[in-house]
Amino acid sequence: MKQILVVGGGLIGVRHLEAVKAHPECSLVGLADPNMSLEIDAPRFASMSEVDCAVDGVIIATPTHLHAAHGMEAAARGWPMLIEKPVAGNLEQARELAKVLQDRKIASLVGHHRRYHRVVQQLKSCLASGQIGDVVTVQVIWAMRKPDTYFQGNWRTQDGSPVMINLVHDIDILRFAIGEIVQTTALRGRSQRGAARVETGVIALGFETGAVGTLAFSDVTPSPWGFEAGTGENPNIGATHQDMMWITGTKGALSFPSMTLWQGEDWGQAATKISASAEKNVKAPLDAQLDHFVRVIDGAEPMIDVADATKTLEVAVRLEAELAGQSGVSSV
């Protein structure tokens, strides 16, 4: 039985708490969060420093800017860790944490939990097996309207760009399924809420494989397109089960998450629809991730550790900086 401590009692932290309590191989040590008014059916600590009992692994689900500091604190105590995404608030912190973990040989896992979706692993396998040939292009849409209350009275008022909160997931899936992203450029859209933060934009991507792609995003637009809506993974976001990623290759094309596969020869004949058979999750991705974390504590290779997640962060930080430096599209 693994003794698991959760640090951070926000929206995602509560989901981790419930997952740990329900897991047959885990026992919840408690919740560490300075807000002692949070009530859970487990011991409470104001910080990790107060924890005076055995811990086999820690789940860090605090705000992004605290990830590295809390990771360092856990590393000082020799605790294997699962850190929520993004892995850190900036690249310097992420790289420093990665080095400390490597030097001290402490296991880490980063919460890019979408890698645990069966359909995401199916996507990676399908592309790797060459069913659509060499990947040539990819188009992704993430378009949702976040409620105004999402931003009110919290850190998202200034730092609530969807790049670091949402697109970092899509970037990670693209790295996981297609390959390393080696070129980026971005164009920022006009603000609709009158906020300084980035709301809307279009990103162009170049992959190490030679493939190219685009990622269009907005958090002010109700639409059926986005990973959460397409897969129904988040109970707080309405499911539409519509595709939100379209990939073309030298032998065919694929849309995701329906996994609709098309193949053909040339434009003289219509492409043929081969199948549409998306694999279903046996377990919720957070539960599958916790299963994996238990194995990582015992020495298994992590699906994505701090060093790997730093590469995803590097792309997201570069895009965030480019978009933040623009004033948004204006009429000519």
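Here are some notes:
- Leading residue by the ranking (nearest to ALA288 (Cα to Cα)) among those in the stretch 71-118 that are assigned to a loop (DSSP other than H, G, I, E, B), in contact with a helix residue (DSSP H, G or I) (Cβ under 7 Å, 6 or more places away or on another chain) and among the hydrophobic types (A, V, I, L, M, F, W, C): ALA107
- Evaluation of SER258 against (1) modelled with pLDDT under 95; (2) closer than 28 Å to GLY210 by Cβ (one fails), failing number: (1)
- Residue list for the stretch 303-327, filter: open to solvent by less than 40 Å² (accessible area, probe 1.4 Å) and closer than 15 Å to GLY160 by Cα: ALA316, LEU319, LEU323
- A single entry from SER108, SER125 fulfils the requirement of being at pLDDT 95 or above, open to solvent by 20 Å² or more (accessible area, probe 1.4 Å) and out of contact with any Ser or Thr (no Cβ under 8 Å at 6 or more places or on another chain): SER125.
- Residue list for the stretch 1-41, filter: part of a strand (DSSP E or B) and over 17 Å from ARG295 (Cα atoms): VAL6, VAL7, VAL29, GLY30, LEU31, ALA32
- Of the residues making up the stretch 24-39, those that are under 19 Å from PRO63 (Cβ atoms), aliphatic (A, V, I, L, M) and open to solvent by 20 Å² or more (accessible area, probe 1.4 Å) are MET36, LEU38.
- Subset of the stretch 226-264 [among the aromatic types (Phe, Trp, Tyr), out of contact with any Lys or Arg (no Cβ under 8 Å at 6 or more places or on another chain) and open to solvent by 10 Å² or more (accessible area, probe 1.4 Å)]: TRP246
- Residues in the stretch 49-60 that are more than 21 Å from GLN289 (Cβ to Cβ) and either assigned to a helix (DSSP H, G or I) or touching a residue at least 60 places away in the same chain (Cβ under 8 Å) (or both): SER49, GLU50.
The values are calculated or read from the model by the stated rules, or taken from the named source; none is laboratory data. Bear in mind that the values here come from a model prediction, so they are computed numbers and not experimental data. Glycine gets a Cβ as well: all are built from the backbone with ideal geometry, and neighbour counts include every protein chain shown. Side chains are part of the model used for accessible areas, which takes the heavy atoms of the whole protein and leaves out ligands, DNA and RNA. Shrake-Rupley method; radii C 1.70, N 1.55, O 1.52, S 1.80 Å.
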